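Nothing in this text is a laboratory measurement; each read-out follows from the coordinates by a stated rule. No experiment lies behind these values; they were computed from the predicted model shown. Glycine also receives a Cβ, built like all others from the backbone with ideal geometry; neighbour counts cover every protein chain displayed.
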């Protein structure tokens, strides 16, 4: 089975990278939508409903499937030997990916608060949280490409 999958290794890696790109696009954009939502929309307004629709579609149609695909293809790559169990860079990447998944969950919970009209966070909070995926992306890319440790 692994030999058969190894034939598709470049395709699996390409699909993993494309999934990551789609996931990261959403991870960068959703907190920005929350900034506008927190600062410009009042509960029940047309803008509030528009932003809720945009946030839900971004999360459900793009981010969730992209995160799942990223994990599936990443786990397949690990199974094919792409993870160096003795190298710190592999563990740093895994820790950052877990952090990214946690951030995804945090964003999903905030979307539910906006939908319920119970958001208590400011635009400033969402601006700061918008930087978390960027920092995690730096760790992941540097760990994989540069392998400094």
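Kindly evaluate residue 74 against the criterion of being surrounded by 14 or more Cβ atoms within 10 Å (Cβ to Cβ), in contact (Cβ under 8 Å) with a residue 24 or more places away in the chain, under 23 Å from residue 117 (Cα atoms) and under 17 Å from the mean Cα position of the chain (by Cα). Against the criterion (surrounded by 14 or more Cβ atoms within 10 Å (Cβ to Cβ), in contact (Cβ under 8 Å) with a residue 24 or more places away in the chain, under 23 Å from residue 117 (Cα atoms) and under 17 Å from the mean Cα position of the chain (by Cα)), residue 74 does not qualify. Of the helices (runs of 4 or more DSSP H) entirely within the stretch 35-149, those holding at least 3 residues that are closer than 30 Å to residue 5 by Cβ occupy 64-79, 88-116, 132-141.
Among the criteria (1) surrounded by 12 or more Cβ atoms within 10 Å (Cβ to Cβ); (2) over 22 Å from residue 17 (Cβ atoms), the one residue 86 does not fulfil is (1). Do we find that residue 62 is surrounded by fewer than 17 Cβ atoms within 10 Å (Cβ to Cβ) and over 16 Å from residue 141 (Cβ atoms) in this structure? So residue 62 passes the test. Residue check: is residue 2 within 11 Å of the chain's Cα centre (by Cα) and surrounded by fewer than 17 Cβ atoms within 10 Å (Cβ to Cβ)? For residue 2, the condition - within 11 Å of the chain's Cα centre (by Cα) and surrounded by fewer than 17 Cβ atoms within 10 Å (Cβ to Cβ) - is not met.
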